[in-house]
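Participant: Pasting in a structure now, in structure tokens, and then I'll have a few things to ask.
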Amino acid sequence: MSTEHETTPSSFSDLGLPDHLDQAVSRLGYTQPTPIQEKMIPHVLEGRDVVGQAQTGTGKTAAFALPMLAKLKTAKSREPQVLVLAPTRELAIQVADSFSDYSKHLKKIHVLPIFGGQDYNVQLRQLQKGCQIVVGTPGRVMDHIRRGSLKMDSIHSLVLDEADEMLRMGFLDDVEWILDQLPGREQTALFSATMPVNIRKIAQKYLHQPVEITIESKAVTANTVEQRCLITSGGFASKIDALGKILESEDFDGVLIFVRTKLQTVELAEKISALGYSTTALNGDIQQSQRLRTIEQLKTGKIDILVATDVAARGLDVNDLSHVI
């Protein structure tokens, strides 16, 4: 692998993207590309395999989505050309939405998210109608490949998004199986916040002389965010007591609370609900339909507090949160 740290352009118009994509990013309010976008987009446009190490929130979705859209071979074909694998349903939906936003000026471009928990028949109908871009979780993508409903012969580009999370969730064997089903793959992009040994092995096995780009995380917190730390002793019970006092003393619009395990999401949500707050748990065991309702309730203010594991909360896009605990 090679690592590149060259000085790069400071505007999207300098990156070699087609005019319709320049218009799309301008309409979305993008002014300057982020470092991962500056360094990654030219290589993807050239057809190179790439490995990007960057934290969530650095703009990596646009770093692969924009050049992948530019490289669609024909908009007339309704066969899948680009496959993106994401670790969670929420992230798959978010990435699919980004592709749709960027392709507003392209006619007849169809983007389909597929994930577990959604009715198979809905996805089967959409796949039969045809789409150029599929964004899915590994398990459901495997199901459609085995059913023959997702045709792999026409897919020329594959993106592995948040590869370290897929490793942590036990999807690595599934990812390798999917990679083996892509005989016509011409380009592969792998993105990961960290680079554990197993992820490097995937890159070495399946990517051809990839360009490796690492974006160092500089500012960990926006200037508008205030951070405070409260150290407790006495285990989980004392943390719950301290949390109750914090909620009583703080004015908040919406709160997202992270805990380590699925069991703790339920236990803590019940404790907070008993204090009179509208609270819901979000974890990987909750059905997709309920997860979508829960997120919508948080967005609309029908629930005050969401208790989640970090994996379950991947890809959440909620504006009106005043506190994260």
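Participant: Just subtract the alpha-carbon distance of Gln32 and Val266 from 0.36 nm times their residue separation and send over the number in nm, one decimal.
Facilitator: 80.0 nm
Participant: So, with a 1.4 angstrom probe, what is the percent of accessible area on the chain that is carbon and sulfur? Before the final figure, lay out the partial values.
Facilitator: Values: 7580 of 16350 Å².
Solvent-exposed carbon and sulfur of the chain make up 46 percent of the total.
Participant: At a Cα cut-off below 22 Å, give the lysines reachable from Lys39, other chains included and same-chain residues fewer than 8 away excluded.
Facilitator: Within the straight-line limit of under 22 Å, Lys39 reaches these lysines: Lys60, Lys71, Lys218.
Participant: Between rounded, prolate and oblate, where does the range 58-140 land on the alpha carbon gyration tensor, with a ≥ b ≥ c its root eigenvalues, rounded for a/c under 1.5, else prolate if a/b exceeds b/c? Don't skip to the end; give the middle numbers.
Facilitator: On the way: a/c = 2.03, a/b = 1.15, b/c = 1.77.
Verdict is oblate for the range 58-140.
Participant: While we're here: Could you give the accessible area per residue of the chain, probe 1.4 Å, as a whole number in Å²?
Facilitator: 50
Participant: What pairs in Lys151/Lys262; Lys104/Lys129; Lys129/Lys302; Lys108/Lys302 have C-alpha atoms more than 25 Å from each other? Could the numbers behind the result be given before it?
Facilitator: Working: Lys151/Lys262 35 Å; Lys104/Lys129 19 Å; Lys129/Lys302 36 Å; Lys108/Lys302 36 Å.
Result: Lys151/Lys262; Lys129/Lys302; Lys108/Lys302 exceed 25 Å.
Participant: Using only Cα atoms and rounding to the nearest 10 degrees, what angle (0 to 90) does helix 197-206 make with the longest principal axis of the chain?
Facilitator: The answer is roughly 20 degrees.
Participant: Among the aspartates and glutamates, which fall within straight-line cross-link reach of Lys107, defined as a Cα-Cα distance under 17 Å, with same-chain neighbours fewer than 8 residues apart omitted?
Facilitator: Candidates past the 8-residue exclusion: Asp19, Asp22, Glu79, Asp97.
Participant: With every protein chain left in place and a probe of 1.4 Å, what is the accessible surface of Ile215, to the nearest 10 Å²?
Facilitator: Near enough 30 Å² of accessible area.
Participant: Taking K and R as +1 and D and E as -1, what net charge do the other residues with C-beta under 10 Å from the C-beta of Gly116 add up to?
Facilitator: Details: positive: Arg89, Arg140; negative: Asp143.
Summing Lys/Arg as +1 and Asp/Glu as -1 gives +1.
Participant: Continuing with the same structure: Subtract the Cα-Cα distance of Asn223 and Lys107 from 0.36 nm times their separation in residues, and report this length gain in nm to one decimal. Mind showing how you got there, number by number?
Facilitator: Working: separation 116, 0.36 × 116 = 41.76 nm, distance 3.97 nm.
Residue separation times 0.36 nm, minus the Cα-Cα distance, leaves 37.8 nm.
Participant: Please state the shape class of the chain: rounded when a/c is under 1.5, otherwise prolate if a/b exceeds b/c and oblate if not, all from the C-alpha gyration tensor. Display every interim value, and only then the final one.
Facilitator: Details: a/c = 1.79, a/b = 1.52, b/c = 1.18.
Prolate.
Participant: What number, rounded to the nearest 500 deg cm²/dmol, is the helix-based mean residue ellipticity at 222 nm of the chain, given -39500 (n - 2.57) per DSSP H run of at least four residues and division by all its residues?
Facilitator: Working: 12 runs with 131 residues, N = 325.
-12000 deg cm²/dmol, from helical runs alone.
The values are calculated or read from the model by the stated rules, or taken from the named source; none is laboratory data. The structure displayed is predicted, hence computed values, not measured ones. Glycine also receives a Cβ, built like all others from the backbone with ideal geometry; neighbour counts cover every protein chain displayed. Just so you know, the surface numbers come from the protein's heavy atoms only, side chains and all, with ligands and any DNA or RNA stripped out. Shrake-Rupley method; radii C 1.70, N 1.55, O 1.52, S 1.80 Å.
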